Amino acid sequence: MAVEVLKKHYLNEHVLVRARGMNLSNDRAIEEYLISLLRQGNSLFAKTEDEQVAGICVSYASSPLDPKNLRNYAFYRQDPNTKDFLYFTAKLQETPNLWDLFKERKVYEVRMVTVKPEYRRQGLAVMLVQKSMAHAFDQGYKVVRMDCINPYDYKVAERCMMSCFTRFPLHKLRGANAPFIKKSSDHNCYVRVYVEARIQGDKPDRVRLKQRHDFDSLIE
């Protein structure tokens, strides 16, 4: 049931799915990817009195190996749109490379947040993300990340008091030969990377990072 809710209410609205007109039933690889995230056991559900899923927050504690493993998995997929969806996800996951910037082996990622339409505007998404963040810190993770592409996501992140670490246009994310979303596309918009970190000692200085590096070097 969780996979179907994610496909219908989250992935159908995903920018790459809309840009490519993807049929999510064409390839089970997307379902297998979702199941792999859920299996880690860090996802939270909001349920109705009759045990129906009203909302889901899919979270995953990731290491620098995860984008590489996802690319390897994508390489063997036959559907070109499925390949690009997985490659896009891997590229976004490491842009910027928070494992390196915060010197942490694991980053706790809020990957997907969705609430069924009939249960929206009741604070469920904010509650799910807040509880997910608390769950992360209770387990000892020090950095929580949430990538926000649509206004709904970043408003949730801001209501959870997360900080916008950086933002960049989608066309900056490139595949092997071209951007996943063209600069001229109607689907080209900004990605906002929100972070909540509980790090003692020196933290990455965003101003200093921008002075020392052209931002494209963080992406390409």
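Read-outs: derived from the displayed coordinates by stated rules, not from any lab. As the structure is a prediction and not an experimental result, all values here were calculated from the model. Glycine also receives a Cβ, built like all others from the backbone with ideal geometry; neighbour counts cover every protein chain displayed.
For the reader, a short list of remarks on this structure follows.
- Along region 159-167 the Karplus relation, 6.51 cos²θ - 1.76 cosθ + 1.60 evaluated at θ = phi - 60°, assigns HN-Hα couplings of 5, 8, 6, 7, 9, 6, 6, 6, 9 Hz to successive residues, with x for each Gly and Pro.
- Value at 222 nm in deg cm²/dmol, rounded to 500, when DSSP H runs of n ≥ 4 in the chain each add -39,500 (n - 2.57): -11500 deg cm²/dmol
- Per-residue packing, averaged as other Cβ atoms within 10 Å, sorts the ranges 15-28, 86-99 into the order 86-99, 15-28, beginning with the highest.
- Under a 5 Å amide H cut-off, with hydrogens placed 1.01 Å from N, residue 185 pairs with nothing among residues at least 5 apart or on other chains.
- Listed pairs 103/155; 47/182; 8/103; 47/183; 142/182 exceeding 32 Å between Cα atoms: 47/182; 8/103; 47/183; 142/182
- Cα-Cα pairs of region 1-48 separated by more than 17 Å (percent): 36
- Along the axis of the charge dipole computed for the chain (Cβ charges of +1 for Lys and Arg, -1 for Asp and Glu, origin at the Cα centre), the listed residues 62, 11, 132 are led at the positive end by 62.
- For region 11-109, convex hull of alpha carbons as volume per residue, Å³: 114
- The phi torsions of region 38-55, fed into the Karplus equation with coefficients 6.51, -1.76 and 1.60 and a -60° offset, translate into couplings of 5, 5, 5, x, 9, 8, 10, 10, 9, 10, 7, 4, 9, 6, 7, 6, 9, x Hz, rounded to whole numbers, with Gly and Pro shown as x.
- Two-site label geometry, residue 176 and residue 161: point separation in nm, points 7 Å out along Cα→Cβ: 4.6
- At q = 0.08, 0.18 Å⁻¹ the log10 of I(q)/I(0) for region 2-215 amounts to -0.27, -1.52, computed by Debye summation with a single uniform scatterer per C-alpha, solvent ignored.
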